[in-house]
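K.L.:
Questions regarding the structure given below will be posed in turn.
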Amino acid sequence: MKSENKSWEESFKQAFSSFQTELDGLHKELEREKEKNRSFSEIVSEGIFFLNSAFYIQQGYTQALETIIDETDLTNINFVDLLAHRVPDNVIQQTAEYLEFMFRSDLDEETINELNQLENIEFYYKDQWGFWTTTHFLSFRFKRVYEEDNIVALICSVRDISREEKLHHKLDEFEKNTKKQMERLVNILHVKPALLQEFIQLIKRELEVINQLLKNPDNNNNYNKMIQSLQRSARYILNNAMLLDLKFFAANTQEFLDEVDKLRSRKNISGTDFVPLVLNFSELRLMLEEIQELTLRLEHFSSSIRTTRRYESKLLMKSLGRMVDALSTETHKKIRLIHSGFDSLTIPYEHQQLVKELLFSFTRFIILYHSETPEARRSSNMNPEVTIEISSSLSRKHFDFVVKHDGRLQSLERIVQKKIDETADAGGSEYDSEIVSQLGTEISQLFFTPVNLIKDENDNEDDGSLVSMELVKKKLAMYGGKTRIVFTSELSTEYHITIPFKSNP
């Protein structure tokens, strides 16, 4: 009996020892697993935590959560309250509603997750001075935890996606810039390289004028003069961009011009009011630099991208017509442009840009200063529509074109009347042929010195067109060109321009 008891005790001891060994092994394995989990929690890039039905963070979240949220001791902290100041108020409210829906078993989880406003959110942090200025982009995701078909908690993950967002932003910017460059490249393909280079040089010069004006603003008494100069340069740039049908450059120039017009309408102007102009101006400079880069890319295959003269002719008339329509709308006038007698195919290659500038300057000048509104013309028993007709001719030695219009020339009429009155006061006859002849010469001189034009008291300040006419006249003289003005018997006025061949400016 004793031997049996001894045998049982030994068996028990052996079994217990074996069990203890196995238990110790399980404890060690459990400790190793816990250590593994702790290590995993420390190195995992995502913050993992659980929320109960009251939205409180439960014990056992990963260390990464504190790092990402930049807070410690998050156990039993209400998650919705934690979002205060860190995300917009409307997002906090929508998140609270979303979490409530997540604890409702009658609602589909996949559908509800579409309401998650925290999946990609800009998350604010306090800086060293206590201001909520520092931000990161975080992504929160939530999933239900079930126990016997009951939703007992939400397991949540959060990770910092700032680097991904920056990469996405860079990619978006790159795609946008690439798209813009492609659109601009397509836009400039129809322009001859020589014309594009001339455009670049002209715009460079005018942008430098604007740059000097913005860098050295005049005193308060001369702000209006400065604004007039800015308008003149901007309109000159806009006209040239429209000439070449560079839509993107014309659009940005128009934005700059709109900002200038806003300044002009203000009664009190200060230096800070020019800040929007500086920003728009910077865009124009960057755009011109981009055009230069694109032209360099085109150098290798520019010979295969040549447009026909016929296409250029249509483009010129289209651009001129577009400007006439724009000015007609702006000035509330009716203008009819006739160009059937103008053949741009005959314009000498070296004078293409000059002729375009002349056409635009004359047409703009006529619409602004020598045309009336339909009401004013009706009151004088005239056709409410002003007609501007351009025609051209070619000889062996020079290229000629005429700009004719039937405006009443109110400004010139006042000049004529002033001269006649002065002659009458001096005892002369206003019908004397020599006086009339001399008067015609003086009228021509006055017309091509626009700053001397007399204006009505109700007229707006010079928008730059008058001085632009003077600049065009000087450039024409550099090419050896001539101008003359003719008053026809039909009460129309013709401007005759002659440009000789093989003239070097």
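K.L.:
For the range 233-259, name all the residues that are polar (S, T, N, Q), surrounded by 22 or more Cβ atoms within 10 Å (Cβ to Cβ) and either within 12 Å of the chain's Cα centre (by Cα) or not assigned by TED's automatic domain parsing to the domain that holds Leu213 (or both). Working first, answer last.
P.N.:
Restricting attention to the range 233-259, the residues satisfying the condition of being polar (S, T, N, Q) are 233, 239-240, 252-254.
Subsequent filtering for residues that are surrounded by 22 or more Cβ atoms within 10 Å (Cβ to Cβ) retains 233, 239-240, 253.
Once the filter is applied, which keeps residues that are polar (S, T, N, Q), surrounded by 22 or more Cβ atoms within 10 Å (Cβ to Cβ) and either within 12 Å of the chain's Cα centre (by Cα) or not assigned by TED's automatic domain parsing to the domain that holds Leu213 (or both), the range 233-259 yields only Thr253.
K.L.:
Give all pairs with beta carbons closer than 6 Å in which a residue from the range 219-236 that is within 25 Å of Glu283 (Cβ to Cβ) meets a residue that is among the acidic types (Asp, Glu) and modelled with pLDDT of 75 or more; count only pairs at least 6 apart in sequence or on separate chains.
P.N.:
Between residues of the range 219-236 that are within 25 Å of Glu283 (Cβ to Cβ) and residues that are among the acidic types (Asp, Glu) and modelled with pLDDT of 75 or more, the close pairs are Ser233/Glu206; Tyr236/Glu206.
K.L.:
Could you please find all residues in the range 320-363 being of a type in the set (A, V, I, L, M), farther than 28 Å from Phe501 by Cα and touching a strand residue (DSSP E or B) at 6+ places or on another chain (Cβ under 8 Å)? Break it down into steps so the answer makes sense when it comes.
P.N.:
So the first thing to find is which residues in the range 320-363 are of a type in the set (A, V, I, L, M), and the list is 320, 323-324, 326-327, 335, 337-338, 345, 347, 354-355, 358-359.
So of that shortlist, the ones also farther than 28 Å from Phe501 by Cα come out as 323-324, 326-327, 335.
Those that are of a type in the set (A, V, I, L, M), farther than 28 Å from Phe501 by Cα and touching a strand residue (DSSP E or B) at 6+ places or on another chain (Cβ under 8 Å): Val324, Leu327, Ile335.
K.L.:
Here's something else I'd like to know. Can you tell me how many residues within the range 310-348 are surrounded by 13 or more Cβ atoms within 10 Å (Cβ to Cβ) and modelled with pLDDT under 70?
P.N.:
So the count comes out to 2.
K.L.:
Let me ask you something else. Of (1) of a type in the set (Gly, Ala, Ser); (2) over 22 Å from the mean Cα position of the chain (by Cα); (3) crowded, with 18+ Cβ neighbours inside 10 Å, Ser270 satisfies all except one. Which?
P.N.:
All conditions are met except number (3).
K.L.:
Same structure, new question: Inspect the range 125-132 for any residue being surrounded by 13 or more Cβ atoms within 10 Å (Cβ to Cβ) and in contact with a strand residue (DSSP E or B) (Cβ under 7 Å, 6 or more places away or on another chain) and give the result as yes or no. Spell out the reasoning first.
P.N.:
Initially, the range 125-132 is screened for residues surrounded by 13 or more Cβ atoms within 10 Å (Cβ to Cβ), giving 125-126.
Cutting the leftovers down to in contact with a strand residue (DSSP E or B) (Cβ under 7 Å, 6 or more places away or on another chain) gives us 125-126.
The answer is yes, given that some residue of the range 125-132 is surrounded by 13 or more Cβ atoms within 10 Å (Cβ to Cβ) and in contact with a strand residue (DSSP E or B) (Cβ under 7 Å, 6 or more places away or on another chain).
K.L.:
Could you check the range 195-214 and list, in sequence order, the residues that are of a type outside the set (D, E, K, R) and either under 23 Å from Val278 (Cβ atoms) or free of Cβ contacts under 8 Å to residues at least 40 places away in the same chain (or both)?
P.N.:
Ile200, Gln201, Leu202, Ile203, Leu207, Val209, Ile210, Asn211, Gln212, Leu213, Leu214, listed by residue number.
K.L.:
Return the residue satisfying two criteria in turn: it lies in the range 42-76 and is over 21 Å from Ile151 (Cβ atoms) and hydrophobic (A, V, I, L, M, F, W, C), and of such residues it is surrounded by the fewest Cβ atoms within 10 Å (Cβ to Cβ).
P.N.:
Out of the qualifying residues, it is Ile43.
K.L.:
So, of the residues in the range 108-124 that are among the acidic types (Asp, Glu) and surrounded by 14 or more Cβ atoms within 10 Å (Cβ to Cβ), which turns out to be nearest to the chain's Cα centre (by Cα)?
P.N.:
Quick first cut of the range 108-124, residues among the acidic types (Asp, Glu) only: 108-110, 114, 119, 122.
The next check asks that each one be surrounded by 14 or more Cβ atoms within 10 Å (Cβ to Cβ); those that pass are 109, 119, 122.
Details: Glu109: 43, Glu119: 31, Glu122: 26 Å.
Among those residues, the one meeting the criterion is Glu122.
K.L.:
I need every pair where a residue in the range 84-95 that is not assigned by TED's automatic domain parsing to the domain that holds Leu115 has its Cβ under 6 Å from the Cβ of a residue that is in a helix (DSSP H, G or I), sequence separation at least 6 or different chains.
P.N.:
Correct list of pairs: empty, since none qualify.
The values are calculated or read from the model by the stated rules, or taken from the named source; none is laboratory data. This one's a predicted model, so the numbers in the text were calculated from it and none came from an experiment. All Cβ positions, glycine included, derive from the backbone under ideal geometry; neighbour counts span all protein chains shown.
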